1. From (1) without any contact (Cβ under 8 Å) to a residue 60 or more places away in the chain; (2) aliphatic (A, V, I, L, M); (3) in a helix (DSSP H, G or I); (4) crowded, with 20+ Cβ neighbours inside 10 Å, pick out the condition that doesn't hold for B:V196.
2. Which residue, of A:A75, A:A97, A:A136, is modelled with pLDDT of 85 or more, within 23 Å of the chain's Cα centre (by Cα), surrounded by 13 or more Cβ atoms within 10 Å (Cβ to Cβ) and aliphatic (A, V, I, L, M)?
3. So A:G58 ticks every box in (1) away from every other protein chain (no Cβ under 12 Å); (2) surrounded by 15 or more Cβ atoms within 10 Å (Cβ to Cβ); (3) not charged (D, E, K, R) but one. Which box is left unticked?
4. I'd like the full set of residues that are surrounded by 17 or more Cβ atoms within 10 Å (Cβ to Cβ) and of a type in the set (V, I, T), limited to the range B:152-185.
5. Keeping to the range B:257-271, report how many residues are out of contact with any helix residue (DSSP H, G or I) (no Cβ under 6 Å at 6 or more places or on another chain) and either crowded, with 18+ Cβ neighbours inside 10 Å or in a helix (DSSP H, G or I) (or both).
6. Tell me which residues, restricted to the range B:76-122, are closer than 21 Å to A:P66 by Cα, of a type in the set (S, T, Y) and surrounded by fewer than 19 Cβ atoms within 10 Å (Cβ to Cβ).
7. If a residue counts only when it is assigned by TED's automatic domain parsing to the domain that holds A:T13 and under 24 Å from B:R32 (Cα atoms), which helices (runs of 4 or more DSSP H) contained entirely in the range A:28-145 have at least 1 such residues?
8. Can you report the number of residues in the range A:15-51 which are facing chain B (nearest Cβ under 9 Å) and either under 30 Å from A:P89 (Cβ atoms) or touching a residue at least 24 places away in the same chain (Cβ under 8 Å) (or both)?
Amino acid sequence: MKFLCIDCDTQMTFEERQQPGDGTFAASFGCPRCGRRVAMLANPMETQLVSTLGVEIGGRTLDEQPLEFTRGAVAGRDDAFIEDAPRAPRPVWSSDAEERLGRVPSFVRGMVKKIYSDYARDRAIAEITPAIMDRAREELGLEGM
Amino acid sequence: MATHRTYFDVEGPDRSALGAQVGRQRARVIERLRDVKRVVAIVSGKGGVGKSYVTAALARAVAQRAAAVGVLDADLQSPTVARLLGATGPLRVAEDAVHPALGTNDVRVVSTDLLLDDGRPLAWRSTAGETHVWRGAAEAGVLREFLGDIAWGALDVLLIDMPPDAGRLADLATLVHNKLAAIAVTIPSDESARSVQRALTAARDGGVAILGVVENMSGYACATCDTIGPLFAGNAGARLAAAFDVPLLARIPFVPPGAGTPALPHVLLDCVHAPRSAHEPPRE
């Protein structure tokens, strides 16, 4: 959906969403030209309808979690799930490392990127640099990557 | 009243992109089932024909062929197949998927039975009210997540134990159309034939390949005299198979408790999982 400022004939931009916990939902939008702001307010049933689709107004800010809707919506037993130990967050790539990755043939680039990412993540390395790539190549025997 | 520009006239981005979000959900299902060779829905169009019993027996028998088998219990309101396969929770949540429970012969199972308290019906946490408006969409959402968020891994076949009504098959067909086939389960009676006919018609109209018909409770296997006596009047299995030009895959007698499990015919097993030839390397 899009919001249009009629006076300016300009598309309004999304600002924020709020779910205060009473089942309602609010999303605010502003006109980049005149500054007018509006809020879209949804009642609990409308909010439920949208969340039932497993989608988020304003777009997703976090990746969908496994069984996210089911776990949130089904009133079930408390011990239905056990969580694996959390892994370290995904590492970021330095610009040098990105550039080096860009030289890998495109048809294997995704696989190579995953290998390096998993290597860094398993070792709680926050940033992948060319030095980390060298170390991974040596330890994992990735000649040519 | 002035005429405004329409959604398509306004060229700016749609940050919500609800259609794209739904598209990603469907892509997630396709990606998750990439290594699943076949998805077979066990349908009936009515309750009480032993659909879950047939699903569990079929899963066990195919798994005994050293095949990798999964069972998704799509009968969200009355889940039974997990119990029949001896699968219990809790389900292990990993980073990007939830691992299925393991049942008999390592059959991978997911079911709402593993999520609900004993004796409690499927219920929703929402306080929104008007449940009838959104319950169908919510159940479709659970089915989608059971397909797309469970770490099924490589499977020779994923069996789906469908609810009695025919509508859920349409949801399933939308999500996994290219791999989906169906087997119908009936009991011999005319009443069953009428209901199962509707389910088969829904499958055919939805473009779902029908592998055949199984007639369950097809007589009563006497535990002492080794004979099969009559149980229900009728021959619904043969009639439905002829009407839809598909094979009658099995006629399974009712076996009293403690009298063992009837062996399923090879033609039934072969239609969901072709036997491995002697020249193929063993599965790891």
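The values are calculated or read from the model by the stated rules, or taken from the named source; none is laboratory data. Quantities reported herein were computed from a predicted structural model and do not represent experimental measurements. Cβ sites come from the backbone with ideal geometry, for glycine too, and all protein chains shown count toward neighbours.
1. For B:V196, the failing item is (1).
2. A:A97
3. Here A:G58 meets the rest and fails (1).
4. Residues satisfying the conditions are B:V157, B:I160, B:V176, B:I183, B:V185.
5. 5
6. Listed by number, the list holds a single entry, B:T88.
7. A:44-52, A:68-73
8. 6
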